[in-house]
1. Round to the nearest 10 and give me the degree value, 0 to 90, for the angle of helix 49-61's Cα axis relative to the longest principal axis of the chain.
2. Against the longest alpha carbon principal axis of the chain, how many degrees, from 0 to 90 and to the nearest 10, is the axis of helix 18-38 turned?
3. Using 1/(1 + (r/R0)^6) with R0 = 45 angstrom and r between the beta carbons of Ser161 and Ile64, what's the FRET efficiency to the nearest 0.05?
4. Filter Lys101/Lys166; Lys81/Lys195; Lys81/Lys192; Lys14/Lys196 down to the pairs with a C-alpha to C-alpha distance above 31 Å, please.
5. Rounded to the nearest 0.05, what FRET efficiency is calculated for Thr180 and Ser74 with R0 set to 51 Å and r the Cβ-Cβ distance?
6. Could you give the size of the charge dipole of the stretch 112-287 about its Cα centre, using +1 on the Cβ of each K and R and -1 on the Cβ of each D and E, expressed in debye and rounded to the nearest 20?
7. Cα centroid distance between the stretch 1-31 and the stretch 177-230, in Å?
8. If packing is taken as the average count of other Cβ atoms within 10 Å, what order do 31-37, 149-155 fall into, highest mean first?
Amino acid sequence: MAFHYFSEYLELEKHYSKHTVTAYINDLESFQSFCMSKHDFEKIDDVSYTQIRDWIIYLVESTISNRTINRKISSLNSYFKFLLKTKSIDVNPLAKHKALKTDKKIQVPFSQLEVETVLNDIYFEDTFEGVRNKFMIELLYATGIRRTELVHLQLSDISLSSKTLKVLGKRNKERILPLTSSLIKCLNAYIKERKKLSVCHDKQVLFLTKKGVKIYETLVYRVINDYFSKASTKVKKSPHILRHSFATHLLNQGADLNAVKELLGHTSLASTQVYTHNSIAELKKVYAQSHPRNSKT
């Protein structure tokens, strides 16, 4: 396999699923085939941006969506970053590439009923992983933190005396979030199970695998997708959708936009406003039901 070492890197170091790794390799092989037919060479390690641009033009003319093209280029970019990391190349030919413009997809959050169904009605096994997964979902929904922020949480970030959680966000921006009583209950249950682990390699990390090592991002995605698949028919079920749900549900209940911005760790209101379309829909519903001048016909 031409991309054997890259495949191992994605699976063993990045902890990508086999499905994701296959998608990456398929994109690379597609580009390699193009290089062989168009430029008569097989090795893509020394390719130039001009040749990559030819491929992009070819894909655009093939009526493939810009979103799909960007995904393929992202696979290629990851490969070049791997080659840089292994000192196989000196320059990433995609370093200055700008992604093609795409229409923004509206992210549909989970309803409050769907979240409540997962947390109250779905069965979580009475094991370390079951207790951890329940705490993970509770924490993501109660705080709205990002998946990567959850992965990097330390035990020392939690203060039970003040019932707060310290989160290190993008650009090392720190924020303090409140912890609810139900969340603290889940935390205590998790810590109790955590102490039973036969081995613990990453003692300072909050979330661990059953092997006692730090969890990884694809594991978090898998947990959210698995549990919400039992309660929701929405196409996308991810940690980001849970973060989206956190913001939308707060706004629907009348929370101030600036307050939600601070909780999410956004630097500007523009980032937070993407979550308001669902709140506006809720306001329209209330208006339609309540306003005396609203037409009933």
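1. Approximately 70 degrees, to the nearest 10.
2. 30 degrees
3. Using R0 = 45 Å, I get an efficiency of 0.25.
4. Lys101/Lys166; Lys81/Lys195; Lys81/Lys192
5. FRET efficiency, Thr180 to Ser74: 0.85.
6. Here the size comes out at about 440 debye.
7. 28 Å
8. Most protected by this proxy first, the peptides run 149-155, 31-37.
Bear in mind that the values in this text are calculations on the coordinates, not laboratory data. Treat the numbers as computed from the prediction; the structure is a model and nothing was measured. A quick note on method: Cβ atoms are made from the backbone with ideal geometry, for glycine too, and the neighbour counts reach across all protein chains shown.
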